[in-house]
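K.L.:
A single structure is presented below for examination.
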């Protein structure tokens, strides 16, 4: 077998990865491991290409890490492809990114004084166990007290969800997929293949368990039991981490049985907080920033010297009490509201208002997406047009008008809703079931024309 260092990171080792993606990786690397070079090449697309506000790349001079800066004080850290301990590798079928590289990018974004919110832009099936739990446990420290959002566009599975679960909020795109809370391991037995080729492998070793799980013999029952015990232990750690991050019960998390959940179903299962696109999230942050200063230290940093109250100036000089002042009866009384009290009150009011707004937004977004999809299915409308209406953030009544005005699809068989119903973590790709990219471009053009005439 060629490339044993790669094989050792795929076989006989626990993985926090969706099984279907593991199949794809094995299929992609299998030929190389056996000495056969691949003949087909897939190209990994940057999921941020589907955002209309891509942002500007920033490089941190201290550690060479990259993140993307957007308006509204938002930094985007992309977490794409398979995840591994330390490694970064680009293969024919995928990109593998190291957990440490992600951690350094978060640190770089947190050190930027212009950044108030860090968004982990996740599109990953998961990856290796080594490094995953360490990154998840340190996320809040890495973010240095700044708001941390997990933006699932379009997969956060297994180790990807382990990371996402530790964020302050999980936002999933309308076709995003989360979950797969479980652990998997693969063993390959080449013994019969070697026999047919007339090859005999003799292993010389010391220590009864030195060659446990080797690929040259069937897996013994005792070794399998040991492997299963390791898997069960890691699964318990995974469940505990999700419980801490999401505030769910262990029974609820185990009850998912490593299922994957799409968009609104993920919200209902408690694995996500709301459904939105990256552009909608960015617009929301820009809007909230334009009407009020953010709570906490960032707000204090934006207050000029002229804006400081007497309490601030007195406190800065070392006096924690405001001077006594007359009350309505002419008597004097010590003021009890210090700058710290006011700051705490602002922070609490901001948090309460934000929570109420997020809850209302979640319900409204669920109703909007469900209404658009239901109209497309009930009226036999083009699913490509329905997707575009969802992505453009059109209101339900406007989306219905746009879909009704569009030409009917040539055949219902190629435009019905099952094109959205991909399961098991498969990428949607180029929307092959509902046409091609020309059809999507035409749908977007129709939406743009409608929005132009609406003004």
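K.L.:
Using the alpha carbon gyration tensor of the stretch 163-215, what are the three equivalent-ellipsoid semi-axes (square root of 5 times each eigenvalue), largest first, in whole Å?
P.N.:
Equivalent-ellipsoid dimensions as semi-axes: 44, 17, 6 Å.
K.L.:
Let me make sure I get this right: for the stretch 116-157, a, b and c are the square roots of the gyration tensor eigenvalues over alpha carbons, sorted descending. Under 1.5 in a/c it's rounded, otherwise prolate if a/b > b/c, else oblate. Which is it?
P.N.:
Cα axes put the stretch 116-157 in the oblate bin.
K.L.:
Students often get this wrong: which residues of the stretch 157-179 have the backbone nitrogen under 15 Å from the point 7 angstrom along Cα-to-C-beta of residue 265?
P.N.:
157, 173-179
K.L.:
So, in nm, how far is label residue 184 from label residue 252 when the simple model puts each one 7 Å beyond its Cα toward the Cβ?
P.N.:
2.6 nm
K.L.:
At 0.36 nm per residue, minus the direct Cα-Cα distance, what do residue 232 and residue 347 gain on full extension? Give it in nm, one decimal, please.
P.N.:
37.2 nm
K.L.:
Evaluate E = 1/(1 + (r/R0)^6) for residue 86 and residue 194, where r is the Cβ-Cβ distance and R0 equals 35 Å; express this FRET efficiency to the nearest 0.05.
P.N.:
For R0 = 35 Å, the calculated efficiency reads 0.60.
K.L.:
Rounded to the nearest 0.05, what FRET efficiency do residue 112 and residue 367 give with R0 = 30 Å and r taken as the Cβ-Cβ distance? Could you check?
P.N.:
0.25
K.L.:
Sorting check: for 178-189, 158-169, which peptide has the highest mean count of neighbouring beta carbons within 10 Å, and how do the rest follow?
P.N.:
In descending order of packing, they fall as 158-169, 178-189.
K.L.:
What nm distance separates the two modelled labels at residue 141 and residue 203, each placed 7 Å from Cα along Cα→Cβ?
P.N.:
3.8 nm
The numbers here are math on the coordinates, done by the rules we state, and not lab data. Small disclaimer: the values here were computed from a predicted structure and weren't measured. Every residue, glycine among them, receives a Cβ derived from its backbone with ideal geometry; neighbour counts consider all protein chains shown.
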